[in-house]
Amino acid sequence: MQRAAQRAPHSPRAKRLNRVLVGAAAVPVLFLAAACSSDSGSDSGSGAKASASADASASASPSASPTVPAAKYAELPEACKVLSGKTVDDLVPGGAKSAKKGASSDASARATCSWNGLDNNGVKGSQYRWLNVSLLRFASDTSRGTGEEQARTYFRQQVQDAQAETGAKGTKTQPVSGTGDEATLVRYELKKKEGVFKQQTVVARTANVVVTLDYNGAGLAGDKSPDADDLVKSAEKAAKDVVAAVAKANGAGGGSSTGSASPSASKSSGASSSPSSSAAKAGATKAGASKGADDASPSATKPASASASKSAADS
């Protein structure tokens, strides 16, 4: 009994102590659980933020800019050197010395040269010849298309302009083989007070370059008119030489093109705006005999085409 009585007072206190100890032990567990819960929530929030940031970054990234193939040709030859001196003299009496280079703000994008000459036969009259070569190069551009596409459009425009010459008689159009990717000749006669001028215009395209060659002749002061077929042959041969000169200026050996990539895409694109804006001007190198033929005379020293001269000045 005494022992029981002695143990009795201790029993409630022991129980309370046990409860205190158990409670004290539970506190760290609760703190640990809370901390884990807090860390878990923090990690989850960070992951969500990172995911949202990645999604926003991906959506904000601009899409790839559209590209077009680089143009084949990045250079033009010197217009006054595309034909040999002998060829020029064969086409234009004493013409090699009369070369007149057209002004151009970018010689790699556009180039023009003209020659004229008069073979004075005294009382029998004179033979007058005028030759003009114009080259226009188109660079690839994302807003305008490839250089070749632009050149095709300009090629068709040049042919149409030659066919629509005011006052032209007996206009004929025929394809020219073996000259670049495509070539067309437009021929006609134009009567002026000095005589009948026979005009040949050859428009040729080689890849992204368009060549327009104007060649006309007339018998003045009683001399007979030149044979149109002979003028046609001379014009076609000269056009082939010009196309070959374009290829040579760009390190190629032939006059035909295959539309391969340009050796200098950056240089090509840098000139894109110039030829494109020039091409927008219809008839920039229109057929020569129609304008300025009144200037042809035994003492004529300027070309029979004010149109081509204007084209060079506009360049």
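Brief remarks on what is shown
- Hits in the stretch 100-145 (condition: over 30 Å from Ala221 (Cβ atoms) and touching a Lys or Arg at 6+ places or on another chain (Cβ under 6 Å)): Ser104, Ala109, Leu136
- Residue match in the stretch 142-149 (condition: surrounded by 18 or more Cβ atoms within 10 Å (Cβ to Cβ), free of Cβ contacts under 8 Å to residues at least 24 places away in the same chain, in the same structural domain as Asp119 (by TED's automatic domain parsing) and within 21 Å of the chain's Cα centre (by Cα)): no
- In the stretch 94-111, the residues that are among the polar types (S, T, N, Q) form Cβ pairs under 9 Å with partners that are surrounded by fewer than 20 Cβ atoms within 10 Å (Cβ to Cβ) and outside any loop (DSSP other than H, G, I, E, B), at six or more places apart or across chains, as follows: Ser108/Lys267; Ser108/Gly270.
For (1) out of contact with any Lys or Arg (no Cβ under 9 Å at 6 or more places or on another chain); (2) closer than 30 Å to Thr146 by Cβ; (3) among the β-branched types (Val, Ile, Thr), each residue gets a yes or a no:
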residue: Lys192; (1), (2), (3): yes, no, no
residue: Gly195; (1), (2), (3): yes, no, no
residue: Gln199; (1), (2), (3): no, no, no
residue: Arg205; (1), (2), (3): no, yes, no
residue: Val210; (1), (2), (3): no, yes, yes
residue: Asp214; (1), (2), (3): no, yes, no
residue: Ser225; (1), (2), (3): no, no, no
residue: Ala228; (1), (2), (3): no, no, no
residue: Leu231; (1), (2), (3): no, no, no
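- Search result, residues across the stretch 76-94 that are assigned to a loop (DSSP other than H, G, I, E, B) and over 20 Å from Glu149 (Cβ atoms): Pro77, Glu78, Val82, Leu83, Ser84, Val92, Pro93, Gly94
- For the stretch 150-186, residues that are among the small types (Gly, Ala, Ser) and either in contact with a Phe, Trp or Tyr (Cβ under 6 Å, 6 or more places away or on another chain) or not assigned by TED's automatic domain parsing to the domain that holds Phe197 (or both) total 3.
- Checked against (1) at positive phi; (2) free of Cβ contacts under 8 Å to residues at least 40 places away in the same chain, Pro175 meets all criteria but (1).
- Among helices (runs of 4 or more DSSP H) entirely within the stretch 199-285, having at least 2 residues that are assigned by TED's automatic domain parsing to the domain that holds Tyr188, over 21 Å from Asn116 (Cα atoms) and at pLDDT below 95 singles out 265-270, 273-279.
The values are calculated or read from the model by the stated rules, or taken from the named source; none is laboratory data. All values derive from a computational prediction rather than experimental measurement. Here Cβ is always computed from backbone atoms with ideal geometry, including for glycine, and neighbour counts include all displayed protein chains.
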